[in-house]
Amino acid sequence: MAARQKTCLQGVLFDWDGTLIDSYRADASAYLAMFKEMGIAWGIKELERHYSPNWYQVYRAAKLPRRLWDDADRAWRAHYAKHRPRLISGARRVLETIRTKHLLGLVTSGDGDRVARQLREFRLTRLFSARVCSGDTLKKKPHPAPLRLALRQMDLEEACCVYVGDAPQDVEMARRAGVLAIGVLGPFPTEKRLRAARPEFLLGSLEELPDMLNRLRNGSK
């Protein structure tokens, strides 16, 4: 019997919000406060229906004029700063476990200053070989540019990497970049659309990731 072919797996790259950090309460609260400030009659149902990691898509759905986007950004950041999100359960343990066998990268639509601050607060900065945030590329998720930039920074081939995220935009970005997509269910209202995006693997929680990566490396499912 022929030996089972093992998978080349060198890099594991992650989304941030909803994948490693449980930030939905802070994110949603900041949105609702910003909507009120901007005179937009949206509640949580409208936000959940139109939620996207690319917040400009949310602005468009809410029919917020382009000239007010910068004001909305400032209002959102001010309200978000009142909250202190926590890491997803098991995130630190998972990262410490898989870093012994893989290079880790972070590709997020989150604001760079905010993400850098949270990484410092959680003492996670040193774990990531590359970090790409909003503004580091002209194109945003689901365009593959952010993920491709991280791969260049890590000097890794796309065929030897996986991307872990909680939203359909994560799956689309990974596929367009030629990277294996791993979906993970998180706190954001993206489960139905994530399932519909049909990632190569779908995890019920982040804590399942180390075992799944071991199976992937060994050529089993």
Practice prompt. Name the aspartates and glutamates eligible as straight-distance cross-link partners of K36: C-alpha to C-alpha under 15 Å, and not fewer than 8 places from it in the same chain.
Written response: D27, E46, D71, D73
Worksheet item: Among K141, K192, K45, whose mean-square fluctuation peaks in a Gaussian network model of the chain (Cα, cutoff 10 Å)?
Response: K45
Worksheet entry | Note, ³J(HN,Hα) from phi for segment 103-109, Karplus 6.51, -1.76, 1.60, rounded to Hz, x at Gly and Pro | 6, 10, x, 10, 10, 9, 7
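Below 15 angstrom from the Cβ of A41, what's the summed charge of the other residues (Lys, Arg +1; Asp, Glu -1)? Provide the component values of the computation, followed by the final result.
Numbers: positive: K36, K45, R49, K63; negative: E37, E46.
Its environment carries a net charge of +2.
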Response to the item:
Burial-style ranking of 206-219, 21-34, 61-74, average other-beta-carbon count within 10 Å with highest first, yields 21-34, 206-219, 61-74
Fill in: Helical mean residue ellipticity (222 nm; -39500 (n - 2.57) per DSSP H run of 4+; nearest 500) of the chain
-12500 deg cm²/dmol
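Take the alpha carbon gyration tensor of the chain, find the square roots of its eigenvalues, order them as a ≥ b ≥ c, and report rounded if a/c is under 1.5; if not, report prolate when a/b exceeds b/c, else oblate. List each step's numbers first, then the result.
On the way: a/c = 1.93, a/b = 1.82, b/c = 1.06.
Prolate, since a/c reaches 1.5 and a/b exceeds b/c.
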Response to the item:
quick note, the chain, DSSP beta bridge pairs, % antiparallel (nearest 5) is 10 percent
Discussion item. If each residue of separation counts as 0.36 nm, what is the full-extension length gain between R152 and R86 once their alpha-carbon separation is subtracted?
Written reply: 20.8 nm
Discussion item. Taking the 0 to 90 degree range and rounding to the nearest ten, how far is the long axis of helix 69-80 tilted relative to the main principal axis of the chain, both from C-alpha atoms?
Written reply: 70 degrees
Practice prompt. Using Cα centres only, tell me the gap between segment 129-155 and segment 42-56 in whole Å.
Written response: 24 Å
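If Lys and Arg each add +1 and Asp and Glu each add -1, what is the summed charge of the other residues whose beta carbon sits under 9 Å from the beta carbon of A30? Provide the component values of the computation, followed by the final result.
Working: positive: R77, K82; negative: D27.
Cβ neighbours under 9 Å give a net charge of +1.
Can you give the convex hull volume of the alpha carbon atoms of segment 24-80 per residue, in Å³? Mind showing how you got there, number by number?
Numbers: hull volume 3.9 nm³, N = 57.
It comes to 69 Å³ per residue, whole-number rounded.
Using the structure shown, select from K101/K139; K45/K140; K82/K141 the pairs with a Cα to Cα distance greater than 28 angstrom.
Cα-Cα > 28 Å for K101/K139; rest within.
Can you tell me how much longer the chain between R66 and E37 gets when fully stretched, taken as 0.36 nm per residue apart minus their C-alpha distance, in nm with one decimal?
Working: separation 29, 0.36 × 29 = 10.44 nm, distance 1.59 nm.
Here the segment from R66 to E37 would lengthen by 8.9 nm.
Bear in mind these aren't lab numbers, they're just calculated from the coordinates by the rules spelled out. This one's a predicted model, so the numbers in the text were calculated from it and none came from an experiment. A quick note on method: Cβ atoms are made from the backbone with ideal geometry, for glycine too, and the neighbour counts reach across all protein chains shown.
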